[in-house]
Amino acid sequence: MSEEIELKQVGAVLTVALNRPAVHNALTPEMIQQLTAVFHDLNTRDDVRVVVLTGNGRTFCAGADLSHMLAAGRFTFEDNVHDAEAIFDLMLMIEQCQKPVVGRVNGTAVGGGIGLVSCCDMVVAVERAKFSFSEVHLGLVPAVISPFVLAKTGATHGRELFLTGERFSAERAREAGLVQYVVAEEELDAKVDELVALLLAGAPGAQAAVKQLVRIVAGRPKEEVREYTANLIAQRRNSDEGLEGMSAFLQKRKPVWQES
């Protein structure tokens, strides 16, 4: 793996860290490709239960590398579309990763960096972190990250933050739905570890099903998902995990996925 991305695995927990601290972890096309490959492969890895996404240094991610963005202004339209689709595909791969993804926001997140934040299942940010959809200040728009961001913030927060490009606090990010927890810097790892421990207590197959459930059900009329939800719970009741989990509860023992 490139030095621009650092992978560390402890037990069933994989930490994926952006590793360009000297340039605030700005995303290059190579980083985007490598991150996409990492999250793609995670869906077939039984040795990983939980993923922590973070940045090395004091910045989470400053968004796309501006030197590349400036050069892209001289690309063909088709090349620019391909470049943008690669960013979209990364966001989609993270959001649809079958493993729970915890965002460990160790510092400022800008533009595409907030896109990464919005794709995590739960996010812990340090109090000093700042956020900004700065694209309008550059004559750009947060286009490909918008579906993922707006799924968290809704149109009300998104419209204002996209239009102003203002820098906003971690607390404002929490209010907008981008972040669940805001903590002091010295408490960051403890809070992340707390969430990881909660996630490791759950059944991995059930958690993958939950992630798909949320994507399918959220925002759709209740009548439309009646059949899907009934089929899903019926499948889970008859699954090996479901039978093991219910048996373990009745027998007052830990299920097998909590024993390792």
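The values are calculated or read from the model by the stated rules, or taken from the named source; none is laboratory data. Remember, predicted model here, so these are calculated numbers, not experimental data. Glycine gets a Cβ as well: all are built from the backbone with ideal geometry, and neighbour counts include every protein chain shown.
Before moving on, here are some points about what is shown:
- Boolean, Arg74 is surrounded by 18 or more Cβ atoms within 10 Å (Cβ to Cβ) and of a type in the set (Lys, Arg): no
- Enumeration of residues in the range 135-163 that are over 20 Å from the mean Cα position of the chain (by Cα) and either surrounded by 14 or more Cβ atoms within 10 Å (Cβ to Cβ) or of a type in the set (A, V, I, L, M) (or both): Glu135, Val136, Leu138, Leu140, Val141, Glu160, Leu163
- Some residue of the range 97-116 being among the hydroxyl-bearing types (Ser, Thr, Tyr), under 15 Å from Glu171 (Cβ atoms) and either in contact (Cβ under 8 Å) with a residue 24 or more places away in the chain or in a loop (DSSP other than H, G, I, E, B) (or both): yes
- Top-ranked residue of the range 14-44 - restricted to ones that are within 17 Å of Pro100 (Cβ to Cβ) and either more than 18 Å from the chain's Cα centre (by Cα) or of a type in the set (S, T, N, Q) (or both), ranked as surrounded by the fewest Cβ atoms within 10 Å (Cβ to Cβ): Thr44
- Flag if Glu224 is outside the structural domain of Asp46 (by TED's automatic domain parsing), in a helix (DSSP H, G or I) and loosely packed, with under 13 Cβ neighbours inside 10 Å: yes
- Boolean, Val101 is surrounded by 19 or more Cβ atoms within 10 Å (Cβ to Cβ) and under 19 Å from Gln33 (Cβ atoms): yes
- Residue match in the range 64-71 (condition: touching a strand residue (DSSP E or B) at 6+ places or on another chain (Cβ under 7 Å) and outside any strand (DSSP E or B)): yes
- Flag for Val51 being in contact with a strand residue (DSSP E or B) (Cβ under 8 Å, 6 or more places away or on another chain) and touching a residue at least 60 places away in the same chain (Cβ under 8 Å): no
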